[in-house]
Each structure stands twice: as C-alpha cells, then as structure tokens.
Amino acid sequence: MRKIKYIFILLFSILISSNSSSDELNILFLKLKNAENFSEAANLEKKIWNIWITNGSNQKNNLEMNKGIMFLNNGNFKNALKVFLNLSKVEPEWAEPFNKVATIKFLQKDYLTSIKYIKLTLEKERRHFGAISGLAQINLRLGRLENALENINHALQIHPFISIKKIKPFLLEKLKKKEIKFHELKNVKLSTS
C-alpha cells in the first residue's frame, strides 16, 4: 500500500510539473496582455523568455539551448544553428529551438527559411510575440507592408508594449504613401530576440 501511495504521489508530481510551465505561461500572458506600463510588461516578458529557453524536456537540452544562445550572441551562427537544429529534432514540441533557427536565418537575410521556422514556432507556441515580431520585420523588408502591419497588430494583442510597436506609426504613414525606404528605418531600433 505504501508503494502504491508513493507511485501515485510521484506520478501526480510529474503531471503537475509538466503542466506547471504551461500554467505559468498562461498566467504570465494574461498579466502581460493587461500590463499597465512598460516596466511591468518588460518584467513579464523576461519571465516568459526564461520559460521559453528553459522549457526543454531535460537539463541536458536546456544546457544545449544556453550553449546555442552563447554561440548566437557571439555571432557564431554556424555552431548556433547546429545546436538549434539538433534541439528542434530531439525536442520537436519545444518552440524555442525553432524560433532561434528563424532568428539566425533572419540575421543571414534568408527570409524565406526564417518564415518557415517562424511558422513552425507558432505551431508550437501561438503567442510567441518574438516570432510574430520577426515576421513583421521580414514582411517589412520584403515590402509586404499590409502583412507587416497585421503582424504588429497581432503582436500588440499579446504584448501591448512590444518594441516593434515603435514602427507602427511609420508604417501607417508609408502605407498611405505606398512606399518604404529601408534607409529610413535605420533610426528605429528593433529587437530580434
């Protein structure tokens, strides 16, 4: 009887821990959507990113994610890409490796491959404001202004203080004129996380 009780407690704790990050994300996203100021939103965003990058099924894969991020931050795209592609194979339900591949492809100006990985990211985490923001940046660079505006509006529904919102007035103005020059965007700082 004692053994059965122990097994039940063990199984229950495993079930709770697997749902806990999902539940925590749901709470954080609700709070983010209702954030009243930039500081509050930035704090919630940081917590969400922390869950996303540590949401592997085991510690080894979480350490690999950190290793890949270090490569990426140091501009070593080749090794970072290798790490993230491997993680996307061994953890096919973990959104963040796919998002990191999309980020690298964006930085390499391989926009079509980046879009492919953004879509894979969003299949796993539909609220991934980083991926949606990246899609807006790609659509902007490809001259798909209406799509970029849709992406920005979608991201703002999730994260009302997301940095890409700075482009929205500029984009609305350019949509009126139906033209855009990317040298005008150099003064608008964007996040590519």
query = Among 58-71, 124-137, 143-156, 98-111, what's the highest-first ranking by average C-beta atoms within 10 angstrom per residue?
reply = 124-137, 98-111, 143-156, 58-71
query = Do any of 82/165; 46/119; 47/176; 60/168 go past 29 Å between their Cα atoms, and which?
reply = 82/165; 47/176; 60/168
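How much FRET efficiency would the formula 1/(1 + (r/R0)^6) give for residue 177 and residue 30, where r is the Cβ-Cβ distance and R0 is 41 Å, rounded to 0.05? Provide the component values of the computation, followed by the final result.
On the way: r = 38 Å, r/R0 = 0.93.
With a Förster radius of 41 Å, E is 0.60.
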note = Expressed per residue, the solvent accessible area of the range 41-134 in Å² (1.4 Å probe) is about 50
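What does the charge count near residue 124 come to, summing +1 for each Lys or Arg and -1 for each Asp or Glu among other residues with Cβ under 13 Å from its Cβ? Each step should come with its number before you reach the end.
Values: positive: 100, 119, 126, 127; negative: 91, 93, 96, 123, 125.
The answer is -1.
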note = Rounded to one decimal in nm, the spacing of the 7 Å Cα→Cβ label points at residue 168 and residue 51 is 2.3
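How much length is gained if the chain between residue 59 and residue 112 is pulled fully straight, taking 0.36 nm per residue apart and subtracting their Cα-Cα distance, in nm to one decimal? Intermediate values should be presented prior to the final figure.
Numbers: separation 53, 0.36 × 53 = 19.08 nm, distance 3.20 nm.
Here the answer is 15.9 nm.
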key: Pairwise FRET efficiency - residue 85 versus residue 141, Cβ, R0 = 30 Å, nearest 0.05   = 0.80
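The values are calculated or read from the model by the stated rules, or taken from the named source; none is laboratory data. Bear in mind the structure is a predicted one, so any value in this text is a computation, not a measurement. All Cβ positions, even for glycine, are placed from backbone atoms using ideal geometry, and neighbour counts span all protein chains on display. Keep in mind that these areas ignore ligands, DNA and RNA; they rest on the heavy atoms of the full protein, side chains included. Shrake-Rupley method; radii C 1.70, N 1.55, O 1.52, S 1.80 Å.
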